[in-house]
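The values are calculated or read from the model by the stated rules, or taken from the named source; none is laboratory data. Owing to the predicted nature of the structure, the values given are computational and were not obtained by experimental measurement. So basically every Cβ, Gly included, is an ideal-geometry build from the backbone, and we count neighbours across all protein chains shown. Calculation scope for accessible area: heavy atoms of the full protein, side chains included, ligands and nucleic acids excluded. Shrake-Rupley method; radii C 1.70, N 1.55, O 1.52, S 1.80 Å.
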Amino acid sequence: MPRSSLQKSSPETNYRLVISYRGTRFRGWQKQGSSPTIQLEIEQVLSRLWSRPIIIHGSGRTDTGVHALGQIAHFHAPLRFKDTRKLRNALNAYLPDDIRILDVRKVLDDFHSRFSATSKEYEYLLFCREVADPMELNRSWHLRRKLDLSSMKQAAALLLGTHDFASFASNPGYSRETTVRTLHRIQITQKGPRIRIRYHGSGFLYRMVRNLTGALVRVGDGRLNIEEIAKILKAKNRSEAPPPAPAHGLYLVKVHYRK
């Protein structure tokens with residue numbers, strides 16, 4: 001038997017990426033044929049660097065137009081870049097300017113960007129002023145009236161803890177084991193016309209953050225009261241809740257893992 005047939009293929013290394021991107025011109029994270037997506041762009045560059053197909057796995061999907069400050073992804077490939085900074089720089093040299101790899105590190109083989117995650121943080125940005133700011137275009141949701149933050153915070157408090165969030169979950173097009181999730185924190189802050197709503201939870205359903213934001217904004221502008229939010233949550237029916245906030249104000253901020 002030839003010597004080459006006895007040689008084992010080199011072991012593969014598990015690489016973890018921290019990714020930031022502006023989602024404006026992309027059809028979301030997940031690969032969809034030849035449509036422009038974050039996953040496709042990164043896989044094409046990785047495949048170029050390794051001269052073989054490379055598949056990456058993200059911590060979760062983001063929709064068309066949604067941004068990320070700290071998306072996490074991982075992939076397995078033969079060890080080529082011992083210095084992960086060189087791999088980071090090589091990726092950024094070929095990726096478009098609206099996708100940046102912030103960090104690359106080698107991790108244990110059993111690390112999975114999605115299944116190893118313990119919680120996530122999302123942020124939704126609002127810009128409340130009669131006249132829009134062109135610098136906020138595709139970065140926040142423009143609202144022409146001021147919002148009552150006190151009422152919004154009271155409504156947000158009703159959503160904390162473990163609940164069935166079916167009323168705030170859009171149909172993803174695939175079956176789900178459960179619509180029960182745990183929200184650890186909802187923080188609402190304002191600076192000038194900008195309002196930030198930060199969500200920290202064990203996990204999020206399809207469009208859950210956008211649906212929650214849409215409801216909280218209606219509380220803030222007086223179209224819903226706090227009691228109605230409680231009834232919507234209890235109904236466990238998406239048709240009982242208001243429309244979602246637009247995608248362009250949403251950011252995946254951070255994914256948490258066990259130490």
Inset, instruction - Work out the length of the dipole vector of the chain about its Cα centre, built from +1 on the beta-carbon of each Lys and Arg and -1 on the beta-carbon of each Asp and Glu, and round it to the nearest 20 debye. - result: 520 debye
Legend entry - Rounded to 5, percent antiparallel among DSSP beta bridges of the chain: 90 percent
Inset, instruction - Using only Cα positions of the chain, each an equal point scatterer, no hydration layer, compute I(q)/I(0) via Debye at q = 0.14 Å⁻¹ and quote the log10 values to two decimals. - result: -0.98
Inset, instruction - Distance check, please: which entries in K191/K259; K120/K146; K82/K259; K31/K191; K153/K236 exceed 27 angstrom between their Cα atoms? - result: K191/K259; K120/K146; K31/K191
Inset, instruction - Determine Rg/Rh for segment 60-100; Rg is computed over alpha-carbon atoms and Rh is the Kirkwood hydrodynamic estimate from the same atoms. - result: 1.01
Inset, instruction - For the chain, return all DSSP H helices satisfying: extent of Cα atoms along own axis at least 20 Å; mean Kyte-Doolittle hydropathy at least 0.0. - result: none
Inset, instruction - Report the extension gain between K234 and V107 in nm, rounded to one decimal, defined as 0.36 nm multiplied by the number of residues separating them, less their alpha carbon distance. - result: 41.6 nm
Legend entry - Rg/Rg_ref, segment 141-259, where Rg_ref = 2.2 N^0.38 Å and atoms are Cα: 1.03
Inset, instruction - Report, in whole Å, the centroid distance computed from the Cα atoms of segment 185-259 and segment 61-106. - result: 29 Å
Legend entry - Beta bridge orientation in segment 80-220: antiparallel %, DSSP, nearest 5: 85 percent
Legend entry - Accessible surface of R80 - all protein chains present, 1.4 Å probe, nearest 10 Å²: 130 Å²
Inset, instruction - Evaluate the distance, in nm, between pseudo-label points positioned 7 Å from the Cα of D97 and of R185 along their respective Cα→Cβ axes. - result: 3.5 nm
Inset, instruction - For segment 104-112, take each phi angle, set θ = phi - 60°, evaluate the Karplus expression 6.51 cos²θ - 1.76 cosθ + 1.60, and give the result in whole Hz per residue in order, putting x for glycine and proline. - result: 10, 8, 7, 10, 4, 4, 8, 5, 10
Inset, instruction - Only Cα pairs under 8 Å and at least 6 apart count here; give the relative contact order of segment 161-259 as a rounded whole percent. - result: 31 percent
Legend entry - Surrounding net charge for S116, when Lys and Arg each add one and Asp and Glu each subtract one, Cβ distance under 13 Å: +3
Inset, instruction - Report the calculated FRET efficiency for E227 and R129 (r = Cβ-Cβ distance, R0 = 41 Å), to the nearest 0.05. - result: 0.90
Inset, instruction - Quick one: Debye curve from the alpha-carbon atoms of segment 9-90 only, equal weights, vacuum; give me log10 I(q)/I(0) at q = 0.14, 0.19, 0.26 Å⁻¹ to two decimals. - result: -0.47, -0.84, -1.36
Inset, instruction - Report, in deg cm²/dmol and to the nearest 500, the calculated mean residue ellipticity at 222 nm for the chain, where each DSSP H run with n ≥ 4 adds -39500 (n - 2.57) and the sum is divided by the residue count. - result: -7000 deg cm²/dmol
Inset, instruction - Could you state how much accessible area R61 has, in square angstrom rounded to the nearest 10, with a 1.4 Å probe and all protein chains kept in place? - result: 130 Å²
Inset, instruction - Skip the ligands, DNA and RNA, and give the accessible area per residue of the chain with a 1.4 Å probe, whole Å². - result: 54 Å²
Inset, instruction - Normalising by the residue count of the chain, find the relative contact order in percent from Cα pairs under 8 Å and 6+ residues apart. - result: 23 percent
